[in-house]
Each structure stands twice: as structure tokens, then as C-alpha cells.
């Protein structure tokens with residue numbers, strides 16, 4: 001066992017600074033500036049229109065954090081920053097700070113002791129699952145780049161098993177990218193996108209931009225209250241079940257099961273921790289976000305998800321890793 005040290009405690013209590021520094025650097029477009037070849041504090045400061053002192057301190061902090069590298073007083077982008085934080089990169093993810101680092105989302109975890117005592121969000125409006133919460137409009141606008149890759153990977157997995165006249169229900173469609181990816185890879189698939197009306201406006205704009213707008217049918221409302229209809233070959237449940245407790249999930253899944261054709265499938269995207277619930281890190285720690293922002297949500301293990309689907313009438317489920325995404329696809333069969 002290593003010797004005890006207060007360093008981890010010090011770093012943890014100051015971890016909020018990393019969030020704020022990263023958000024500030026993205027706002028300044030600092031990573032793009034360095035990617036363009038501005039490699040000294042003075043040059044970066046001129047490019048981002050900031051003080052040289054402030055720029056140097058921020059760049060040094062981000063070097064310690066691993067986003068930048070520094071050699072002989074000159075900065076360059078670390079691998080993650082080069083791929084995801086240089087605005088010129090096709091994989092740019094800087095927009096996700098507008099959701100993940102928004103004050104509305106961060107405030108849910110201001111009083112962790114009270115959260116733990118209660119066992120759920122302190123919000124009097126059910127946290128992020130409040131009816132027509134405007135935070136999901138921002139989610140749809142800003143988180144789409146992060147979901148582009150898993151959406152394409154899921155489409156690659158599920159499209160080969162779809163019939164020629166496929167009908168797909170996309171529950172909590174958000175930005176719409178999961179249904180859009182299927183429509184792009186399946187030339188005749190019809191997608192029904194369900195979400196709040198203002199969120200669906202974003203999804204429909206994304207579908208139009210990607211050339212599949214005519215095959216995306218909006219279905220506004222709550223997944224728990226809207227009539228899905230029937231005849232679906234696939235139902236998408238992406239980043240949705242973790243907001244609710246097991247009985248609520250099973251109630252929804254029975255409704256999903258009833259909407260599917262014989263041989264149909266449900267495709268669920270989730271942060272799925274191992275049975276020990278402390279690994280892998282991204283999936284295991286996601287449960288805290290649900291503690292803070294929902295009444296009873298959680299990050300469910302594959303065994304828990306499989307049991308939910310079985311209790312709802314599905315025969316079996318299988319999991320597919322989507323590396324390098326930290327999420328897992330769970331395919332469940334009627």
C-alpha cells in the first residue's frame with residue numbers, strides 16, 4: 001500500500017477548477033489557436049485576445065492536466081485536444097460544454113450530503129426528467145457531436161437485420177442522430193422520433209441537413225403517455241432508461257414490447273458498469289449523475305438490464321461494446 005498523502009485530497013477538492021479551465025479554454029478557442037501554430041504564451045494570447053499572463057497560467061494548468069504539452073516554453077496540443085478540441089477537427093466536441101458544464105446541470109450536485117440523505121435529486125420538479133425541461137433542447141443542440149460515432153456504430157450493427165420496409169421508433173430522440181444514422185444506412189427505413197416538441201425541432205433540422213428529413217416522422221410528447229402505435233421492427237432507447245427506477249423502466253419496456261413486430265428488437269444505449277459497480281470508471285461513476293439529477297435513476301449492470309427486458313416479455317439480450325465510446329449497446333429480442 002502506498003504511503004498516505006494529502007495530494008489526492010487537495011486535487012479532489014480543487015477539481016472544479018479543471019472543469020472551469022477547460023470550459024474557459026474552449027470559450028477562448030485556445031486549443032484551435034495552438035493547433036494553428038501559435039505555440040508561445042504571447043502568440044496564443046494575441047490570437048485569443050487575452051492577457052499574456054492569464055494565457056500562460058491557463059496553458060500551464062492544461063499542460064499539467066494532460067490536454068497540452070510544453071517543451072522549451074512552447075505549447076502543442078495533446079492527443080485528446082488535437083482530435084476533440086481543435087475547432088478545425090471533424091471530431092470537434094467543444095459544444096458539449098454547453099450541456100455538461102451548464103450551471104443548470106451542475107447545481108444538482110451542490111449539496112451531496114443532502115442528496116445522499118434523500119437518495120435522489122433535491123429538485124422539487126423531478127430534476128432533469130421534469131416535463132418539457134428546456135435543458136433537453138440544449139442537450140439536442142450541443143451533444144450531437146459526441147453521439148455521432150456511437151450512432152453510426154449502432155446503425156452498422158442493427159441495419160443488417162432490418163427488413164426492407166423497416167419501421168423504427170426512436171424514443172427520446174433528442175438530436176435525432178440515432179434514427180438519422182439508420183435512415184442513412186437503410187434507404188427505405190421510416191423513423192418515428194418521439195420527444196418533446198421543441199426538442200424534435202432540433203432533430204428534424206438535423207435530419208433535413210443530412211438528407212433524410214422526409215423519412216423522420218415526429219411524435220411529440222412523453223414516452224410514458226404517448227401511444228406508440230405498433231408494427232415496429234426496432235425501438236431505440238438511447239440514454240433514457242438510466243433516468244428511472246426499475247419498475248418504471250419495466251413498465252415502459254412492456255409498452256415497447258407490445259409495439260414491436262414478431263422478431264423485433266430493442267436497441268438500448270447505456271452506461272453499463274461491471275457487476276462490481278466500480279468499473280469501468282465512466283460507466284461506474286455515471287450513477288452519481290443520476291443520483292443528483294433524477295428521483296430514482298441509476299446506471300444499471302447488464303444483468304439488471306437483461307432482467308428488466310425479460311420481465312417485460314423479451315426473450316434475451318446481448319451486449320456490444322462501442323469502444324472508444326464509454327457506453328454499451330444492449331440488443332434485446334422479442
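Coordinate-derived values only; no laboratory data. The shown structure was predicted, so the numbers you read here are calculated from the model rather than taken from an experiment. Here Cβ is always computed from backbone atoms with ideal geometry, including for glycine, and neighbour counts include all displayed protein chains.
Calculate the length of the line joining the C-alpha centroid of the range 16-43 to that of the range 128-150, in whole Å.
So the two Cα centres are separated by 25 Å.
How many nm separate the modelled label positions at residue 245 and residue 46, each set 7 Å beyond the Cα in the direction of the Cβ?
In this crude spin-label approximation the distance works out to 6.2 nm.
Counting only C-alpha contacts under 8 Å and six or more residues apart, can you give the relative contact order of the chain as a whole percent?
13
For a quick protection proxy, order the peptides 141-151, 270-280, 41-51 by their average other-Cβ count within 10 Å, most packed first.
Per-residue Cβ counts within 10 Å, averaged per peptide and sorted highest first, yield 141-151, 41-51, 270-280.
For the chain, restrict the atom set to alpha-carbon positions and state the Rg and Dmax in Å.
Looking at the chain, its Cα Rg and Dmax stand at 21.7, 65 Å.
FRET efficiency for residue 117 and residue 323, Cβ-Cβ distance as r, R0 = 22 Å, nearest 0.05?
0.05
Taking neighbour Cβ counts within 10 Å as the exposure measure, how do 285, 124 sort from fewest upward?
The fewest-first ordering by Cβ neighbours comes to 124, 285.
Got the relative contact order for the range 113-242 handy, in percent, Cα pairs under 8 Å and 6 or more residues apart?
Computed over the range 113-242, the figure is 25 percent.
Report the residues of the range 126-140 in range of a label on residue 23: point 7 Å along Cα→C-beta, backbone N strictly under 18 Å from it.
Zone members listed by number: 128, 134-140.
Going by average Cβ density within 10 Å per residue, which order do the peptides 5-17, 247-259 take, highest to lowest?
247-259, 5-17
Please order 1, 308, 153 by the number of other Cβ within 10 Å, starting at the fewest.
So the residues, fewest neighbours to most, are 1, 153, 308.
If packing is taken as the mean number of other Cβ atoms within 10 Å per residue, what is the order of 109-116, 83-90, 21-28, highest first?
Final packing ranking: 21-28, 83-90, 109-116.
Treat the count of other C-beta atoms within 10 Å as a stand-in for reagent exposure and order 126, 186, 71 from fewest to most.
Lowest count first: 71, 126, 186.
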